[in-house]
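Just so you know, all these numbers are worked out from the coordinates, no wet-lab data involved. The structure displayed is predicted, hence computed values, not measured ones. Positions of Cβ are backbone-derived with ideal geometry, glycine not excepted, and every protein chain shown enters the neighbour counts.
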Amino acid sequence: MSARPDSTVVDRQSGSAPSADAAAMLVGAVKRYGSGRSAVVALDDVTITFPAGKFTAVMGPSGSGKSTMMHCAAGLDQLTSGRAFVGDTDLSALNDRELTRLRRERIGFVFQAFNLVATLTAEENICLPLALSGRRPNVAVLDQVVALLRLGDRMHHRPTELSGGQQQRVAVARALVAQPQVVFADEPTGNLDTRSGQEILGFLRSAVDLHHQSIVMVTHDPNAAAWADRVVFVVDGRVHDVMDHPSAGSVLDVMKRLGR
Ligand SMILES: Nc1ncnc2c1ncn2[C@@H]1O[C@H](COP(=O)(O)OP(=O)(O)OP(=O)(O)O)[C@@H](O)[C@H]1O
Ligand SMILES: [Mg+2]
């Protein structure tokens, strides 16, 4: 399967109304760091939809703007211009408190460094985002997530008592347990051996297939991207290409072309 132009890109002129099918969306997104001669344009007029109930991978060379795209889409960083939506919520219309709440309640995060709290058990870590927003976990959902990630016998361990793969499984459980509208994962397998990485990818895939979770994942690895429904290729802060039904081979072909 070869890459094809993005048919889901939203036409900025004809309207930026978010579609019901969008878990998250950027419209005319520009992110500039610094000013004057040292300014870096990390996102250069990006318009992209991350579909609901799908697994989207974001790929591109180092420094191409992948993390910036993810951080701006998740409300962790602010756009210089343009708009970011989570579902139909325009992030630029929210104040700091509303934005914090949205991040806690409607977004899950998984990072390359597992970012667990060392003094808390696996279970406490998993439930932390809910606790911070004054909610209790839905026991059925918690059980489901713990079973999916095979963490049943690890729930009372602290992060130092867990392997890297287990720690990342806890981080994925933490991202999923609140049943967020969208999960953003930035190189979630970057620090893992191949087998643990494959496991994490399988769990993310299952969350989409079984629970209709929406996931956006940055990765450098064509094999990881092949688990996704769609791959978005970013080059120099722009969306270069979008590929549906990727395979490791077809993704590698595009990456090779981009490397030239
Ligand atoms: N806080 C910042 N201040 C200044 N420049 C920044 C900042 N964050 C990112 N940049 C710059 O923006 C560009 C895009 O960075 P970004 O981290 O989004 O790239 P990336 O595609 O995630 O790269 P990698 O694959 O290495 O993680 C880079 O040129 C980077 O140096
Ligand atoms: Mg990055």
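With viscosity 1.306 mPa s and temperature 10 °C, the Kirkwood radius over alpha carbon pairs of segment 111-208 converts through Stokes-Einstein to a diffusion coefficient of 120 µm²/s. Computed from phi, the 3J(HN,Hα) profile of segment 240-250 under the Karplus parametrisation 6.51, -1.76, 1.60 (θ = phi - 60°) reads 8, 6, 9, 10, 9, 6, x, 10, 4, x, 5 Hz, with x in place of Gly and Pro. Averaging Cα coordinates gives a centre for segment 110-185 and one for segment 196-237; these two points are 19 Å apart.
Protection proxy ranking for 204-211, 57-64, 227-234, using the average of other Cβ atoms within 10 Å per residue and placing the highest first: 227-234, 57-64, 204-211. Tell me which aspartates and glutamates have Cα within less than 15 Å of LYS54's Cα, excluding those fewer than 8 residues away on the same chain? Partners found: ASP21, ASP209, ASP229, ASP244. Secondary-structure-derived ellipticity at 222 nm for the chain, considering helices only, amounts to -10000 deg cm²/dmol, per-run term -39500 (n - 2.57) for DSSP H runs with n ≥ 4.
Straight distance only, please: which aspartates and glutamates reach the Cα of LYS66 with their own Cα at less than 16 Å, same-chain residues fewer than 8 apart left out? Those aspartates and glutamates meeting the cut-off are ASP44, ASP45, ASP77, ASP186, GLU187, ASP221, ASP236, ASP241.
Could you pull out which residues in segment 200-231 have an amide N less than 13 Å from a spot 7 Å beyond the Cα of SER163, following the Cα-Cβ vector? Residues passing the 13 Å test: 200.
Using 1/(1 + (r/R0)^6) with R0 = 35 angstrom and r between the beta carbons of ASN223 and ARG150, what's the FRET efficiency to the nearest 0.05?
The value I calculate is 0.95.
Approximating the spin labels as points 7 Å out from Cα along Cα→Cβ, the ASP244-to-HIS212 distance works out to 1.9 nm.
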